[in-house]
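Heads up, the thing below is written out as C-alpha cells.
The values are calculated or read from the model by the stated rules, or taken from the named source; none is laboratory data. Only a predicted model underlies this, so the values are computations on that prediction, with no experimental measurement involved. Don't worry about glycine lacking a Cβ; one is built from the backbone with ideal geometry, like all the others, and counts go over all protein chains shown.
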Amino acid sequence: MPRPEISLGGLGNVSCTLQRSGRYKGKYRARGTFRHPYTGRDYPLDFVSESDGKARKKLQDDYRERLQIADKSLGVVSKSITRKSKFSSLIDAFIEEKALEVQEGTLDQTTFEGYLAEINDAEPRRRKDGTPDLRYSRNAIKIRPMLGDLRNWEVDANRLDGHLKSIRANGNQRKAQLHHLILTGIVRLGVKLGAMPVDPMSVVRKGGKRRRNKAPAMDEETRNGLQAQLKKWLAGEEIPGTPAYAHGPKRDPDILRIADILLASGCRPYEGLAFRRCDLLMKTDDGEGTDKWRLVVCGTIKRKKGENGLYRQNWTKTDAGYRIVVLPQWAVNTLKEMGAEKWRDDDESPLFPSRSGGWRDPHNTARTWRAARGTEYAWITARTMRRTNLTTVAEDYGTEQASRQGGHAVISTGADITNIYLDRPRQAPDSTPALERLR
C-alpha cells in the first residue's frame, strides 16, 4: 500500500531511534519530511541529540521556522486558512489584502475605511451636529460579529442570504449592497486559498436598487427664476425658506459660480470642487471672435480620517472621467469676473477655495446651496446641473456625445445614460406599418 502524500505545508510522520553504531552511536536521531506549501517539494529533516525529547524538539522547531519562512514568501494572505478555520481568519486575510491595495494605490483610503466600518464592531459615534452615526450604533449589523465565529465550511449561501435579508428587512438597501460587495470579496479569497470549495455568493441575491423619483432637468423658465433668486440671496434679501441676512459671515458669491461651472461642464459635484486654476486652458484666438476656454477634469475631492480630512485625489471616478470639456461663453464670463485672465498656468490653488484657502468641504457647500435655493427650488441639486447639461447635449448631438461630455466609463448608445441622467424617455422605433394590419 503506497504511503499517503503529505499535505501542503505539513510534516510527515516523525521517527526517533537510538543509534546503536556509527557516528552517532548512543544518541537519538529524529527524522521527518516537510512538504513546502508553495512548491510542493519534500524536504527531509534530520536532527540528533542526547535524548528522544530533545531530538524531536529540534525537528519541530526547524519545521515551524521553515513554515514561517514559506508563509512570508507566499505573501500576506498565505496563512494556514482551511475549511475548518474560523471565518474571522478569512476576514483578517481580506483586510490585509485590501490594506496592501491601499499602499499600492489601487484602492482608495476612504473606500477601505468604509469596508472596515461595516466589518468590525466599533464604539458609538456622533456626527458634528450631535446626531448619532447609525453606522457605529451598538445595534448596527456588522459582518465579523454576525459571521466571524462560524467555520468556513458553515458559511454557505443560505446563511449569507439570511444575513443580507436581515439588513434589507430594516430598510437598509444601500448597506445590504455594501455587505454583498464585501462578502463577495471575502469568499472569493476563501476560494483562492482553498478554504471554500465554491463561491456561495454567486447564488446570493444582491438586491435591487430603490427606485427614486428622478428630478427633471431645468428648463429655461426654471433657470431664469433660479438665477434671479440666487441674486436676491446673495444681496442678503429674504427668499422662500431662507430669512434675510442679519449677522455672521457674508453670503458666499462662489456658491453661484460653482453652480455655473457645474452646469456648464456637466462634471460630477466632487470633480467640480477639485478644479485648480492650472486646470483652466484659455484660448482667445479662434478666428470666430469668441473665447474657447476649456477645463481639464482630472481630480476629485476625498475625505479621510485625521486632522486634514479633505484632500484632492489626482484621478477621477473612472478612467474615462479624465477629460477636457469646452465651456460656453457665459461660463467664460463667470471665470473672467473671478480674474482668470491674470492666473498663472502653473497655479495649483483651488478654483473655488474655502475661507481658509484650502479645499472646499462638499458638505458645507451643499448646506449653503440649500439655503441659497430656498424651498421654491428645493429639488435642484448639483446632480440636477449635471442632468441638465447632458440632456441639452444629447438633444442636439446625441447620447454618445453626452456620454463623452459626462465622462462615462462605457460610451452609451442611449439606454444607460437615458435611464440615469437624461430627462426624457427612450424613443421606441416606428412600427406603425406593421401595426396597421391589426385594424
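Checked against (1) in contact with a Phe, Trp or Tyr (Cβ under 6 Å, 6 or more places away or on another chain); (2) in a helix (DSSP H, G or I); (3) not basic (Lys, Arg), THR316 meets all criteria but (2).
Candidates GLY32, GLY10, GLY53: the one that is small (Gly, Ala, Ser) and modelled with pLDDT under 90 is GLY10. Just wondering, is there one or more residues in segment 72-86 that are under 20 Å from the mean Cα position of the chain (by Cα), at pLDDT 85 or above, surrounded by 14 or more Cβ atoms within 10 Å (Cβ to Cβ) and farther than 23 Å from THR39 by Cα? The answer is no, given that none of the residues of segment 72-86 is under 20 Å from the mean Cα position of the chain (by Cα), at pLDDT 85 or above, surrounded by 14 or more Cβ atoms within 10 Å (Cβ to Cβ) and farther than 23 Å from THR39 by Cα. Pairing residues of segment 341-353 that are closer than 22 Å to TYR270 by Cβ with residues that are of a type in the set (Asp, Glu), at Cβ distances under 8 Å and at least 6 apart in sequence or on separate chains, gives LEU351/ASP279; PHE352/ASP254.
Any residue in segment 310-323 that is in contact with a Leu (Cβ under 9 Å, 6 or more places away or on another chain) and aromatic (Phe, Trp, Tyr)? Looking for residues that are in contact with a Leu (Cβ under 9 Å, 6 or more places away or on another chain) and aromatic (Phe, Trp, Tyr), one finds none in segment 310-323, hence no.
Among the residues of segment 15-39, how many are assigned to a loop (DSSP other than H, G, I, E, B) and within 26 Å of PRO4 (Cα to Cα)?
Our first condition is that a residue be assigned to a loop (DSSP other than H, G, I, E, B); within segment 15-39, this holds for 19-27, 36-39.
With the extra rule that they be within 26 Å of PRO4 (Cα to Cα), the set shrinks to 36-39.
Qualifying residue count for the region: 4.
Scanning segment 329-376 for residues being polar (S, T, N, Q) and either in contact with a helix residue (DSSP H, G or I) (Cβ under 6 Å, 6 or more places away or on another chain) or not in a helix (DSSP H, G or I) (or both) gives a total of 6.
Of the helices (runs of 4 or more DSSP H) lying entirely inside segment 180-273, those containing at least 2 residues that are of a type in the set (Val, Ile, Thr) are 254-265.
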